[in-house]
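Student: Below is the structure I would like to discuss, written out as structure tokens.
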Amino acid sequence: MISLEKAKALKEAGLLWEPCFGEWVHVDGENKMIVHVCEGEFGDYKDIRYLSPFTGIAKGLRGLECVWLPSLSQLLAEIKKQGKTVKRLWQIIHQEPWYINLWSMDRGFNGDTPEDAAAAALLWLLGQEQKEFPEREQK
């Protein structure tokens, strides 16, 4: 799973979250617990809720500070949206960090998990996008 630090950095870099059933988020509460997102339909109102793994009680996310914890497949999809594809994702030895290379780039990125390595590449791509298209920075 992606580290909370990388997830927060992606949020700060402007990665948008479209909540979907079954995703993981970190909710800043008293216990700072990681929770599972579930959706409920109430007429025309779509309520995004979380299910506490500790109590089994579903509560609404509205008004809470949430950080999306994207999966590896979601991170790779975001990299593809940036116009890049992954050339290679590997780990040399089990104790070593994970590495990722993107096609047509001379840069490699690493992380403690495959998700962190992909997040590092995506953070770099998001930073490059801001440099290439400065008008997007003023949103």
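The values are calculated or read from the model by the stated rules, or taken from the named source; none is laboratory data. A quick note: this is a predicted structure, and the numbers were derived from the prediction, not measured. Positions of Cβ are generated from backbone atoms using ideal geometry, with glycine treated the same way; all protein chains shown enter the neighbour counts.
Student: Looking only at the range 112-139, filter to residues that are assigned to a loop (DSSP other than H, G, I, E, B) and modelled with pLDDT under 90; which one of those is nearest to VAL86 (Cα to Cα)? First the steps, then the outcome.
Tutor: Applying the first criterion (assigned to a loop (DSSP other than H, G, I, E, B)) to the range 112-139 yields 112-113, 133, 139.
Add one more test, that the residue is modelled with pLDDT under 90, and what stays is 133, 139.
On the way: PHE133: 23, LYS139: 29 Å.
Across the range 112-139, the extreme among qualifying residues is PHE133.
Student: Under 9 Å between Cβ atoms, at least 6 apart or on separate chains: pull out the pairs that start in the range 94-111 with a residue that is among the hydroxyl-bearing types (Ser, Thr, Tyr) and at pLDDT 75 or above and end on any residue that is surrounded by 18 or more Cβ atoms within 10 Å (Cβ to Cβ) and not in a loop (DSSP other than H, G, I, E, B).
Tutor: What qualifies is TYR99/PHE109; TYR99/GLY111; TYR99/ALA117.
Student: Looking only at the range 1-58, which residues are basic (Lys, Arg) and either surrounded by fewer than 15 Cβ atoms within 10 Å (Cβ to Cβ) or at pLDDT 80 or above (or both)? Break it down stepwise before answering.
Tutor: Here is the first cut: in the range 1-58, the residues basic (Lys, Arg) are 6, 8, 11, 32, 46, 49.
Within the range 1-58, LYS6, LYS8, LYS11, LYS32, LYS46 qualify.
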